[in-house]
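The values are calculated or read from the model by the stated rules, or taken from the named source; none is laboratory data. Since this is a predicted model, take the numbers as computed values, not measurements. All Cβ positions, glycine included, derive from the backbone under ideal geometry; neighbour counts span all protein chains shown.
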Amino acid sequence: MLTIEHISGGYTNKEDVVKDINLNINKGEIFGILGPNGSGKSTLLKILHAALSSSSGRVLLGDKDIMDYSSKELAKKMAVLPQHAETAFSYSVRQVVELGRYPYQKGWLGLTTSADEEVIHQAMQETNVLHFAEKSVSQLSGGEKQRVMLARALAQEPDILLLDEPTNHLDVSFQMSLLDTLKSWTREKGLTVVAVLHDLNMASMYCHRVLLMDKGKEKALGPPAKVMEGNLLEEVYETAITRKEHPDVPSPLLSLTPSKEERSMNVLTNIEKKTTEEIIHLSVPFPFKTCSSAVIGSGIGWASHFVNRHVPYDYHCDNTEEEFRQFLQQRDIDDADTVGMMTAAVLEDAAFRRFSTEDADLLIMVTAGTSNAVDAARAHTHQSVKETAGTINMWVFIDGTLPDAAFVQALMTATEAKAKSLADFGIMDERTKTIATGTSTDSIVVAASQQGKTHEYGGTVTPLGRQIGRGVYEAVTESLSAYFRRKETMA
C-alpha cells in the first residue's frame, strides 16, 4: 500500500530531521508513529503526503512515487488531518466538510452532486458533528473542531488516512470512540490509517504495528507487544516507565513511575494495631501494594488499612461486599483504601510472626479454624457445599520491593505452608475422608511496602520464600492449636 524507501529529509537548509526510514505500511492496518518531541514524527508524516520533499529516498503509493501524483490525484488516495488545522472563521461546519469533496469536483463552479452530499452527510454522522452542521467553526471547542476536520478528511473517501495527534483536544470518551471507529473502518472498508500518537496506551490498544522514533531514526518497529518494552521506552523517553499487561485486551499497559519518596523508618515496626472481639485492624504508615483474595480489595491494588472481621458461623448476606463496605464506613475506615476479610474464627486466637533478617523483613498474621475443610484435589466430587464464613485468613506484610511474579510466588509459598500445617494436624475433608488442603473460603493478602530491598522471587528456595513458608506454617499451627483448645474447652 505505502512503501517508504530509505527516506531522509526535513526543512530547507537544515540538517535532516528524518534519517533513513525504511518500511512498508499494509492495507487495512492502523500504523502508529511514536517518539518524544523532536524525534521527527510529524516531519515524517509530512514527507509521506508530499507536504515536504525528502532529501533522499522515495515514498511509493502503490507502484507510483507520490511526487508523480497531481494534488487532486493524491487527495483521492490520501487524506490528512494535521495537528493544527486552520479554517476561515466564517465557514460553517458543513462548508468545511464539503471541502473534502474538492478532489472529485469538476469545472469552475465545483458544485456538489447528490453523491457528494451523501458522503458529506455520512462523514458528519460518523464523527458526531451532524447536529451542529450549520454552526460556525469559530464557535466550536478545540475537540469539536478536531472532529470537523476529521469529517472533512473522511469526506475525501481516501484509501489512506494520515493523522497527526488525532486525539489532541478530545475528551477520553471521544478518543475511544474515534479510535474504535477507525479500527472498524480498517476491517470493513480496508482503510489504512497512519497516525502520529503521543499516548502510548492508545497506540498499544489500537495499532497493529508501531514505529518508535528517536532523534529522527528508527529505534524499533513491530507490534506494540514487541516494541513497547519498559527499558527501550525509558531509554527513548528518558523517564521511568513500567509495563504491565492490559487486564481486558492483549496489549501492553504503560505507566509513568515517579521518583520514590525515601523513607528511613522501620515500616513494620510502625504498623498500628487495633483489636476488638469484632475486628483486627492493622494500619501501615503509607500505602502498600497488595495482591489479595479478600472480600474488599481483591486482586492487585494498594491499601493502608487491613481488616480481619469476625462474623458468626451462620453469617449470610445477599451482597457481602456492599455490607462489608458499610461496616467499614460506619467505623470511619476508608473502604477504598482497605483490604478486608471475614472469618468465623475467634480473633483472640490470631497468631503473629515477625522475621527481620538481612535477607527479609516481614510480619505474618493468621486466624484459623477448620470448619468446611476441603481437599482441593477432590473438591470436584462434592455434590454441594454450604459455604460458611472463611476460617483461615493469612496476612503477609513485606518491607521490600516485589515485582508481580514475586507476589504470585509468595502466594504459592504461603498456600503450600498452610496446607502442610493442616496435613501435620491430620485435618480431614469430611466428605472425601482425605487430608484437607484448606477451607472452602480461605483468604490471603501479600502486601509489600515497595521500598528498599528488591525481592525478584518469592518461591520456597529464595530467602524471602523461606521466611514466608516458615512464618505461615508456624502462625497457622499456633492459631489452629488455639482453635482446638477452645473447641475442647467448649465441649
Exclusive hit being hydroxyl-bearing (Ser, Thr, Tyr), surrounded by fewer than 17 Cβ atoms within 10 Å (Cβ to Cβ) and either in contact (Cβ under 8 Å) with a residue 24 or more places away in the chain or outside the structural domain of PHE397 (by TED's automatic domain parsing) (or both), set THR439, THR454, THR415
THR454
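Going through ALA345, ALA405, ALA379, ALA368 one at a time, which residue ends up being more than 36 Å from the chain's Cα centre (by Cα), more than 16 Å from PHE288 (Cβ to Cβ) and either buried (at least 17 other Cβ atoms within 10 Å of the Cβ) or of a type in the set (Gly, Ala, Ser) (or both)? Full working, then the answer.
On the way: ALA405 fails: more than 36 Å from the chain's Cα centre (by Cα); ALA379 fails: more than 36 Å from the chain's Cα centre (by Cα); ALA368 fails: more than 36 Å from the chain's Cα centre (by Cα).
Result of the check over ALA345, ALA405, ALA379, ALA368: ALA345.
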Suppose the filter is buried (at least 18 other Cβ atoms within 10 Å of the Cβ) and at pLDDT 90 or above; does LEU60 pass it?
no
Is the range 332-347 home to any residue that is in a helix (DSSP H, G or I) and within 17 Å of SER479 (Cβ to Cβ)?
yes
Surrounded by 22 or more Cβ atoms within 10 Å (Cβ to Cβ), closer than 25 Å to GLY28 by Cα and either within 30 Å of the chain's Cα centre (by Cα) or modelled with pLDDT under 85 (or both) - does that describe any residue in the range 117-127?
yes
Single residue of the range 348-361 satisfying the filter (within 21 Å of LYS289 (Cα to Cα) and of a type in the set (Gly, Ala, Ser)) that is surrounded by the most Cβ atoms within 10 Å (Cβ to Cβ)
ALA360
Of all residues in the range 413-440, which are at pLDDT 95 or above and of a type in the set (Asp, Glu)?
GLU416, ASP424
Quick one: GLN146 ticks every box in (1) on the phi > 0 side of the Ramachandran plot; (2) at pLDDT below 85 except a single one, so which number is it?
(1)
If we keep just the residues of the range 128-149 that are free of Cβ contacts under 8 Å to residues at least 40 places away in the same chain and not in a helix (DSSP H, G or I), which is surrounded by the most Cβ atoms within 10 Å (Cβ to Cβ)?
VAL129
Which ranges mark the strands (runs of 3 or more DSSP E) fully within the range 1-120 that have 3 or more residues being hydrophobic (A, V, I, L, M, F, W, C) and closer than 30 Å to THR239 by Cβ?
18-25, 30-34
Read through the list (1) over 36 Å from the mean Cα position of the chain (by Cα); (2) surrounded by fewer than 21 Cβ atoms within 10 Å (Cβ to Cβ), then give the number of the only condition that SER54 fails.
(2)
If I ask for residues that are in contact with a Phe, Trp or Tyr (Cβ under 8 Å, 6 or more places away or on another chain) and surrounded by fewer than 21 Cβ atoms within 10 Å (Cβ to Cβ), which ones from the range 296-336 would you list?
ILE300, TRP302, SER304, ASP335
Tally, over the range 322-364, of residues that are more than 22 Å from PRO285 (Cα to Cα), among the β-branched types (Val, Ile, Thr) and in contact with an Asp or Glu (Cβ under 9 Å, 6 or more places away or on another chain)
1
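For the range 150-164, name all the residues that are surrounded by 20 or more Cβ atoms within 10 Å (Cβ to Cβ) and out of contact with any Ser or Thr (no Cβ under 8 Å at 6 or more places or on another chain).
Let us first name the residues in the range 150-164 that are surrounded by 20 or more Cβ atoms within 10 Å (Cβ to Cβ), namely 150-156, 158, 160-164.
ARG152, ALA153, ALA155, GLN156, PRO158, LEU162, LEU163, listed by residue number.
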